[in-house]
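Asker: Below are the structure tokens for one structure; questions will follow.
The values are calculated or read from the model by the stated rules, or taken from the named source; none is laboratory data. Values in this document were obtained by computation on a predicted structure and should not be read as measured data. All Cβ positions, even for glycine, are placed from backbone atoms using ideal geometry, and neighbour counts span all protein chains on display. The protein model used for the area step is the full one, side chains on, heavy atoms only, and it has no ligands, DNA or RNA in it. Shrake-Rupley method; radii C 1.70, N 1.55, O 1.52, S 1.80 Å.
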Amino acid sequence: MHYLILNWKMNLTTTESVRLATSIVKLPSQNNLTTVICPSFSSLQGVERSVRGSKISLGAQDCYWENKGAYTGEESPRMLYSLGCRYVIIGHSERRACGETDEYINRKIAFLLSKDRRLIPILCIGESSLQRKKKRTKTILTKQLQSAFKGIDELRKIIIAYEPVWAIGSGNAANEHECAEAVGYIHDTLNSIFAHANTQRTPILYGGSVTPANVPTFIVHGYVQGILVGNAGLNVDSVSQLQQSIVIDIC
Ligand code: PGA
């Protein structure tokens with residue numbers, strides 16, 4: 001199974017989100033490809049109505065690490081599940097830039113993997129441009145993975161997205177070598193954290209300035225099992241091309 005995750009970020013109103021989701025639902029469905037729409041919280045309910053009964057799945061852009069309580073402004077996995085979400089993005093670099101710490105990310109992953117296993121987390125990791133320049137990419141990926149999985153002894157269903165911060169929204173995607181090296185390293189690190197788990201079953205995606213034109217760079221050699229897109233997911237023609245490109249390149 002391959003994944004196309006559409007992270008609509010804070011871009012669309014509910015009306016716009018419903019319109020785009022309705023168009024995406026009408027695209028020919030692709031075997032072996034799971035498309036997940038992640039709209040803003042305020043559009044989840046409307047988008048759920050559009051995708052209900054289709055092959056398109058729904059995800060949220062973040063969640064809290066408890067299901068209930070006095071946590072003003074937060075959304076819980078239980079609430080999101082009841083709205084139809086089956087996936088949730090955790091630790092996106094834009095959330096980290098707003099103050100999300102490794103410790104918060106660990107609490108969220110621990111809650112989703114160990115306590116309430118209704119939503120599949122899509123954990124985002126990746127280095128900044130300065131960290132890459134200083135050749136600290138592997139150190140950063142190790143730190144982000146070790147802290148996300150701290151205290152968790154069983155690797156349950158999770159998707160990991162390698163998203164170099166310098167590639168997000170910059171028009172400057174990672175090249176094939178950079179992506180392959182990081183993904184290989186993520187697999188090795190998972191193996192060392194979860195010594196007895198079958199870490200090969202954990203899908204690793206790439207995200208950061210993906211377009212229909214550069215999808216083959218990431219998919220064709222088989223080291224990533226899909227992509228996470230921002231800008232290219234905001235237009236139905238581009239989503240259609242992404243879907244087709246992923247499916248052609250898997251074959
Ligand atoms: P982008 O965003 O495709 O617009 O670079 C990717 C992301 O934020 O995951």
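Asker: Mind listing whichever residues of the stretch 11-33 are β-branched (Val, Ile, Thr) and touching a residue at least 60 places away in the same chain (Cβ under 8 Å)?
Answerer: Scanning the stretch 11-33 gives a single hit, Ile24.
Listed here are the residues, each with its yes/no results for (1) closer than 29 Å to Asn11 by Cα; (2) of a type in the set (Asp, Glu); (3) touching a residue at least 40 places away in the same chain (Cβ under 8 Å).
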| residue | (1), (2), (3) |
| --- | --- |
| Gln146 | no, no, yes |
| Ile158 | yes, no, yes |
| Ala161 | yes, no, yes |
| Val165 | yes, no, yes |
| Asn172 | yes, no, no |
| Asn175 | yes, no, yes |
| Ala180 | no, no, yes |
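Per-residue answers, yes or no, for (1) away from the ligand (no atom under 16 Å from the Cβ); (2) open to solvent by 20 Å² or more (accessible area, probe 1.4 Å); (3) modelled with pLDDT under 95:
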| residue | (1), (2), (3) |
| --- | --- |
| Ser209 | no, yes, no |
| Ala232 | no, no, no |
| Val239 | no, no, no |
| Leu242 | no, no, no |
| Ile250 | yes, yes, yes |
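Asker: Let me ask you something else. State all residues of the stretch 152-170 that are of a type outside the set (A, V, I, L, M, F, W, C) and farther than 15 Å from Ala197 by Cα; if no residue qualifies, say none.
Answerer: Tyr162, Glu163, Pro164, Gly169, Ser170
Asker: Could you check the stretch 140-163 and list, in sequence order, the residues that are within 10 Å of the ligand (Cβ to nearest atom) and touching a helix residue (DSSP H, G or I) at 6+ places or on another chain (Cβ under 9 Å)?
Answerer: Passing the criteria: only Glu163.
Asker: Cβ-Cβ below 9 Å, separation at least six or inter-chain, first residue in the stretch 195-207 and free of Cβ contacts under 8 Å to residues at least 12 places away in the same chain, second within 15 Å of the ligand (Cβ to nearest atom): which pairs?
Answerer: Here the result reads none, with nothing in the stretch 195-207 linked to a residue that is within 15 Å of the ligand (Cβ to nearest atom).
Asker: Looking at the stretch 213-230 only, could you name the residues that are more than 12 Å from the ligand (Cβ to nearest atom) and polar (S, T, N, Q)?
Answerer: Within the stretch 213-230, Thr217, Gln225 qualify.
Asker: In addition: Residue check, Ala173 against (1) open to solvent by less than 60 Å² (accessible area, probe 1.4 Å); (2) at pLDDT 95 or above; (3) out of contact with any Asp or Glu (no Cβ under 7 Å at 6 or more places or on another chain); (4) more than 15 Å from the ligand (Cβ to nearest atom), all met but one. Which one?
Answerer: (4)
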